[in-house]
Structure formats: structure tokens, C-alpha cells
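The next block holds one structure in the form of C-alpha cells; read it before the comments.
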Amino acid sequence: MGIANNYKVDLDVYNGPVDLLLYLIKKEEVNIYDIPISRITEQYLQYVDALQSLDMNNIGDFLIMAATLMYIKSYMLLPKTEMKDEDEIEDPRTSLVKQLLEYKKYKETSIALSMKADHWSRKWKRLRYEIPLETADEEEKIPLEGVSLWDLLQRFSDLMNQTLFDVRDKTIVYDDIPVKEYMEDVLMRVQQNASVSFMALFEGIRERHRIIGFFLALLELVRLNKVKIEQPLNYTDIQISLYN
């Protein structure tokens, strides 16, 4: 798809596959020590499919984790062989659980340090330095504050999955419409209301390439502080409004 090839989204925004797994475990309210691997794998693959639809760079780590989950799922479906009492069968999820716990600890520590840094930055004025133009774009991130990144991607995935049933024509369409035009369409829809839900923003759009275009345009508008996204409660619909 043309638009996705011209607009790259940094996967660092999504914090990687382990962060996605932690999100799914929290969302499903399951025990991290007893992960329902079949259910989590199915949901994880839906997110990976959405990421691939956006043509994101460096998606390899997500695919590796997907392969790991599928291997564990297949292993756990195998019939259990009879073992002697002294023999123990190691749970194939053990290594994954250790990785999740280590990342969870690292993330919580990072958040705590970030809060302390923010606290001290309010007390002490910081000198402002100009960022060279050649490095500013490389370090720029999409500021999706106040909303779950994975919830945002889930809404996009839901829309893409709906088109599999709504659209009978499976012809591949090359979209050469620039992101800027999609941005104008998104702004127009948001400006018509004080606030619009994520699903309402895409109302009436059934072509998969247009859904991708609108989603990428939304990310760009958020990055430019043209619109803001908020989520009143966890896992509820996301609200989009103009940035004041």
C-alpha cells in the first residue's frame, strides 16, 4: 500500500512484544503464572496482523514472539506421557513468565524514575537547547498520552477485521493518496463535533486502504498536537477532540 510505505511509525512507541503480552494479560485479568496460552496467542496474533497492515518497520521481534507463543501452544496440546513420580515435566511457559516478570519490574522502575524526574523538573528550571533539524525528526515520537497504545491499535484491528466480512472484492488496491489529504478529512470530521469517538470517526469507511489512511493520519495529527485522544475508562471507546 502506497500510503503506508510513505509514512513510517516508530515501533518504539508500542514498546515491543513483551509489553503487548503484559497488556493482554492485564486486560484478560488472568494470572501471569498460569497464562491461558491459547486465548492469549489468538489475541496476540490479531495485533500482529494489525501491525503488519500498517507496514511498520522492525516488526521482526513481534513475529518471533508470535512463533514462540504458537510453539508453546502446540506443545501444551500434546498428550501428556506417563512419567515416574521423581520426574517432572517443565511448564513450557516458565521461560516466558520469567521474561514477563523481569520486563514488568523494569517498566515499573522506569515509570517511578520518570515520575521523580518530572517532580524535580518542576522545582528546577531547565535550560532550553535548540535541537538541530537533522536530529529532531529522528527523535520525534507520537505523544499518545492518557490512552492505552494497545487499545488504540485494537480499535484499528477491529475495523480491519470487519472489512473482511463487509467487502467481497478482494482486489489489492494501491493507494497513492498522500497522508496530508487524509489528515484534512480527519480534521473535518473532528471539527464537526466537540468530541468524536474512534469508531464514529471511521463511520461509513469500508475500504481497507482508507481505514489505514485515516489511522495513519490520526497518528500524525496527534504527533503535531492538532488533535488529542482520551480514554475515560480502561478498554472503553477512545474519544478524539481538537487540541486546545
Can you sort 42, 29, 220, 108 by how many other beta carbons sit within 10 Å, fewest first?
29, 108, 42, 220
Could you please rank 71, 23, placing first whichever residue has the fewest other Cβ atoms within 10 Å of its Cβ?
71, 23
What does the charge add up to near residue 157, with Lys and Arg as +1, Asp and Glu as -1, over the other residues with Cβ less than 11 Å from its Cβ?
-2
Which net charge results when you count Lys and Arg as +1 and Asp and Glu as -1 among the other residues whose beta-carbon is under 9 Å from that of residue 217?
-3
Arrange 94, 41, 68 by Cβ neighbour counts within 10 Å, fewest through most, would you?
94, 68, 41
Expressed in nanometres to one decimal, the distance between label points 7 Å along Cα→Cβ at residue 226 and residue 205 is 1.3
Within the set 26/105; 104/226; 27/98, which residue pairs have Cα atoms separated by over 23 Å?
104/226
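None of the figures in this text is laboratory data; all of them are computed from the coordinates on show. This is a predicted model, so every value here is computed, not measured. All Cβ positions, even for glycine, are placed from backbone atoms using ideal geometry, and neighbour counts span all protein chains on display.
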